[in-house]
Amino acid sequence: MLEVSRLRTTVAFGLVAVAGLASVDTLARREWRPVAAAAALVIATMLATESLRRILPRPYLGDFAYVENTYPSGHAALAFAAVIAVAWLRPPWLRPWVVMLLGAGVVFVGLASLTSFAHRASDIAGSVLLTASLAAWVVVAGREPPPPPAVHDRRWQVVAGVAIVLAAACAMAAALGPAAWVGQLLRTGTAAAVLGAVTLVVSLHLRLRQRRRP
């Protein structure tokens, strides 16, 4: 479990490093607004997760529950923010398969947080929602979204829809199925939910950009 925990940290900060490389490419094109928006999102995400974990009360879930508050997950929130930042920065090497690979990194961080018993599934879901909310606030503050990658948004909508349906099916099966399957179903459902959230956010930003084009 210790190796998994270390690996999730490596992947999370690896995604941040990818966002840093994308920032260098964007600055080379003398585009400052996307870099400022990406930096604001990552910094706000880190501050929000740390603040909420200190402020929010920890619910009592039994003697064998977590000793301290684990909501929300800093690793998952940071990884998700890094992927959104890369989509905003639109480096020359960004391709649909690259976005999917980055999304898979976010899913791995979420699953590793569960399997290493660092977080509950609700911690991961809360992190995704928190990061998506902060991203929306950054977009509103900037008055227009930073330029997204020039790819079709329809494929992202299909992937997001399938992932969300899978997550809902896993949640229902975990509630109604055998107790021995609950853990695996919850892990699969959490992975599908994170993947759906990643692709849905990318799709929404693409659609916002298309609507703002003259």
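The values are calculated or read from the model by the stated rules, or taken from the named source; none is laboratory data. The model shown is predicted, which means the values in this text are computed figures rather than measured ones. As a convention, Cβ positions derive from the backbone with ideal geometry for all residues, glycine included, and neighbour counts pool all protein chains shown.
When 78, 89, 102 are checked against the criterion of being in contact with a Ser or Thr (Cβ under 7 Å, 6 or more places away or on another chain), more than 18 Å from residue 123 (Cβ to Cβ), of a type in the set (A, V, I, L, M) and at pLDDT 85 or above, a single residue qualifies: 89.
Within region 66-76, identify whether any single residue is farther than 20 Å from residue 23 by Cα, more than 12 Å from the chain's Cα centre (by Cα) and of a type in the set (A, V, I, L, M, F, W, C), and answer yes or no. Yes, region 66-76 has at least one match. Quick one: in region 38-49, which of the residues that are under 11 Å from residue 78 (Cα atoms) and touching a residue at least 12 places away in the same chain (Cβ under 8 Å) is surrounded by the fewest Cβ atoms within 10 Å (Cβ to Cβ)? Of everything passing the filter in region 38-49, 46 is surrounded by the fewest Cβ atoms within 10 Å (Cβ to Cβ). Scanning region 63-75 for residues being modelled with pLDDT of 65 or more, in a loop (DSSP other than H, G, I, E, B) and not charged (D, E, K, R) gives a total of 7.
Does region 1-28 hold any residues that are among the small types (Gly, Ala, Ser), at pLDDT below 90 and under 19 Å from residue 74 (Cβ atoms), and which are they?
From region 1-28, those among the small types (Gly, Ala, Ser) are 5, 12, 14, 17, 19-20, 22-23, 28; that's our starting set.
With at pLDDT below 90 added as a condition, the list becomes 5, 28.
Result: 5, single match.
Determine which member of the set 142, 126, 161 is out of contact with any Gly (no Cβ under 9 Å at 6 or more places or on another chain) and either at pLDDT below 70 or surrounded by fewer than 20 Cβ atoms within 10 Å (Cβ to Cβ) (or both). Walk me through how you get there before you give the answer.
Numbers: 126 fails: either at pLDDT below 70 or surrounded by fewer than 20 Cβ atoms within 10 Å (Cβ to Cβ) (or both); 161 fails: out of contact with any Gly (no Cβ under 9 Å at 6 or more places or on another chain).
After applying the criteria, what remains is 142.
Within region 108-137, the residues that satisfy the criterion of being within 9 Å of the chain's Cα centre (by Cα) and not hydrophobic (A, V, I, L, M, F, W, C) are 110, 127, 131.
Inside region 96-123, residues that are of a type in the set (S, T, N, Q), within 14 Å of residue 12 (Cβ to Cβ) and surrounded by fewer than 18 Cβ atoms within 10 Å (Cβ to Cβ) make up a count of 1. In this structure, residue 181 does not qualify as outside any loop (DSSP other than H, G, I, E, B), within 18 Å of the chain's Cα centre (by Cα), at pLDDT 65 or above and surrounded by fewer than 17 Cβ atoms within 10 Å (Cβ to Cβ).
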